[in-house]
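Heads up, the thing below is written out as structure tokens.
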Amino acid sequence: AIGIEEKKFTTKTLYDVPDYIKIGNDRVKDVHRPCEEEKCSVEDIFVYSSNVGTVQMIRDIGTNLQQSYLEELGLFNQVNIKLPELASPLLPEIWRTVNTESISYGYGLSISPLHLVYATATVLNGGYLLKPSIIKKDKEYDFGRKVLSEETSEIMRYLFSKVVSEGTAKRAFSEHTEFKYIVGGKTGTSKKLENGNYSENKVITSFIGAFPINSPKYLAFILFDEPR
């Protein structure tokens with residue numbers, strides 16, 4: 001969404017996606033090959049959750065834009081819903097290039113489920129920040145300031161729909177159900193942190209989805225801790 005909004009690339013822009021990419025001292029690989037060719041489109045990188053491709057994209061976006069938009073999307077502060085038990089994000093003490101790149105595909109920044117829902121709603125609803133509440137409000141939507149354009153949001157809704165119809169979430173929806181065509185979403189998988197190191201056999205996996213994806217009204221987030 002950042003790259004599209006800032007015209008750093010389009011969904012059709014091609015990036016080299018080798019078997020692995022170096023981030024600091026680590027080699028980052030993909031679980032799913034996003035395309036058959038050496039160069040893959042931004043659309044394929046997103047739909048098939050390519051970490052390697054995402055790192056290439058964030059290198060074009062840069063640290064300053066990444067930080068600016070993550071802050072605008074509410075990922076640097078508590079989400080105020082007037083409850084005392086609110087979690088604050090855990091940010092890097094020193095934000096280096098390795099942090100920028102690892103954060104791009106889901107590591108190095110710790111946020112609550114509410115943060116993710118809050119930011120994703122903004123990406124999908126036309127670019128407006130919501131004013132979340134646990135108390136039912138009189139009006140259906142309570143919008144705050146605008147962070148992304150409607151054009152960017154429309155593209156992201158399209159990409160979310162492709163994740164369900166063709167990408168990493170397609171097995172969750174039978175081809176014989178109408179839901180496959182009204183739900184859009186994004187899958188996520190991360191290794192669990194144990195004693196300061198990432199586990200090789202324990203993961204957290206999740207799905208965040210919205211529907212009807214052409215004009216989202218509902219958004220749901222599901223997380224599985226060590227799925228089997």
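Seen through its C-alpha gyration tensor, with square-root eigenvalues sorted a ≥ b ≥ c, the chain comes out rounded because a/c lies under 1.5. Contact order for region 21-80, expressed relative to its length and based on alpha carbon pairs under 8 Å spaced 6+ residues apart, stands at 23 percent. Amide H contacts for residue 213 (H built 1.01 Å from N in the peptide plane; partners 5 or more residues away or on another chain; cut-off under 5 Å): 183, 184. Estimated from helices alone, the mean residue ellipticity of the chain at 222 nm is -8500 deg cm²/dmol (sum of -39500 (n - 2.57) over DSSP H runs with n ≥ 4, per residue). A simple charge model with +1 on the Cβ of Lys and Arg, -1 on the Cβ of Asp and Glu and nothing else charged puts the dipole of the chain at about 420 debye relative to its Cα centre.
Among the trypsin sites (Lys or Arg not before Pro) found in region 67-174, those both in a DSSP coil and sparsely packed, with 13 or fewer other Cβ atoms within 10 Å of their Cβ, are 82, 96, 136, 137, 139. Within region 111-167, the GluC sites (Glu not before Pro) that combine a DSSP coil assignment with at most 10 other C-beta atoms in a 10 angstrom radius are 140. The separation of region 1-78 from region 138-170, counted between C-alpha centres, amounts to 18 Å. For residue 8, what is the net charge nearby, where nearby means another residue's Cβ is under 14 Å from its Cβ and Lys, Arg count +1, Asp, Glu -1? In short, 0. A straight Cα-to-Cα reach below 18 Å connects residue 136 with the lysines 82, 217, residues fewer than 8 places away in its own chain not being considered.
Using a probe of 1.4 Å on the protein chains alone, the accessible area found for residue 218 is around 120 Å².
The values are calculated or read from the model by the stated rules, or taken from the named source; none is laboratory data. Predicted model only: the values in this text are computed from it and were never measured. Note: ideal-geometry Cβ built from the backbone for every residue, glycine included; neighbour counts use all protein chains shown. These accessible areas exclude ligands, DNA and RNA; they are computed on the full protein's heavy atoms, side chains included. Shrake-Rupley method; radii C 1.70, N 1.55, O 1.52, S 1.80 Å.
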